[in-house]
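Chemist: Quick one: this structure, given as structure tokens, is what I'll be asking you about.
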Amino acid sequence: MANKEQILDKIARNMSQRSLSVERVGETVEVTKAGGAGDVLVVSYKEKSVQSPMGGVSDQISPFLGIGIAGAGSILIKGAAGENSIAAIFDDSDALELLHECSGFANDVEVEEGDTTNQLARIRGQADVIGLGE
């Protein structure tokens, strides 16, 4: 989706407004958990990998087509090093606040192990949520 920068900017801004330690680094948002010994969760936007024409119109041609779960990528939350389970990643309220923020978009939310690229969970996006395509 063409607005991945805006999605990441919005996540960073909203988490910062909740008084959490947030830093926008390149194409990621890094959130430091207060209760997790300073562990850092990394949020990124994972492009949908579907080949055209079945994947729809390129966002370079029309950024307004593909908005919603039909053409959107996923928001990826990656655990810190050593955090290889859902319980280890979401071990404090800061991490749960981040999950809540990321789930407020129409995009799927993926949770990935800290040490590998193994996917622990995929929470399906909803086309009718507030913030559709934002």
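Chemist: What is the residue count in region 105-131 for residues that are at pLDDT 90 or above and acidic (D, E)?
Modeler: Here the count works out to 4.
For every residue, the table says whether it meets (1) modelled with pLDDT under 60; (2) surrounded by fewer than 21 Cβ atoms within 10 Å (Cβ to Cβ); (3) out of contact with any Leu (no Cβ under 7 Å at 6 or more places or on another chain); (4) within 21 Å of T28 (Cα to Cα).
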{"residue": "V50", "(1), (2), (3), (4)": "yes, yes, yes, no"}
{"residue": "M54", "(1), (2), (3), (4)": "yes, yes, yes, no"}
{"residue": "V57", "(1), (2), (3), (4)": "yes, yes, no, no"}
{"residue": "S62", "(1), (2), (3), (4)": "yes, yes, yes, no"}
{"residue": "A70", "(1), (2), (3), (4)": "yes, yes, yes, no"}
{"residue": "A81", "(1), (2), (3), (4)": "no, yes, yes, yes"}
{"residue": "I86", "(1), (2), (3), (4)": "no, yes, no, yes"}
{"residue": "S103", "(1), (2), (3), (4)": "no, yes, yes, yes"}
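Chemist: While we're here: Out of all the residues in region 5-40, which are part of a helix (DSSP H, G or I), under 19 Å from L76 (Cβ atoms) and not aliphatic (A, V, I, L, M)?
Modeler: Of everything in region 5-40, those that are part of a helix (DSSP H, G or I), under 19 Å from L76 (Cβ atoms) and not aliphatic (A, V, I, L, M) turn out to be E5, Q6, D9, K10, R13, N14.
Chemist: All but one of (1) surrounded by 14 or more Cβ atoms within 10 Å (Cβ to Cβ); (2) modelled with pLDDT under 85; (3) not acidic (D, E) hold for A95; which doesn't?
Modeler: Tallying (1) surrounded by 14 or more Cβ atoms within 10 Å (Cβ to Cβ); (2) modelled with pLDDT under 85; (3) not acidic (D, E), A95 fails exactly one: (2).
Chemist: Could you please find all residues in region 82-112 being over 13 Å from V43 (Cβ atoms) and in contact with a Ser or Thr (Cβ under 8 Å, 6 or more places away or on another chain)?
Modeler: Residues satisfying the conditions are N84, D108.
Chemist: Those residues that are charged (D, E, K, R) and surrounded by 15 or more Cβ atoms within 10 Å (Cβ to Cβ), I need them from region 1-17; list them, please. Step through it out loud before you land on a result.
Modeler: Filtering region 1-17 down to residues charged (D, E, K, R) leaves 4-5, 9-10, 13.
Once the filter is applied, which keeps residues that are charged (D, E, K, R) and surrounded by 15 or more Cβ atoms within 10 Å (Cβ to Cβ), region 1-17 yields K4, K10.
The values are calculated or read from the model by the stated rules, or taken from the named source; none is laboratory data. Everything quoted here is computed from the prediction, not taken from an experiment. As a convention, Cβ positions derive from the backbone with ideal geometry for all residues, glycine included, and neighbour counts pool all protein chains shown.
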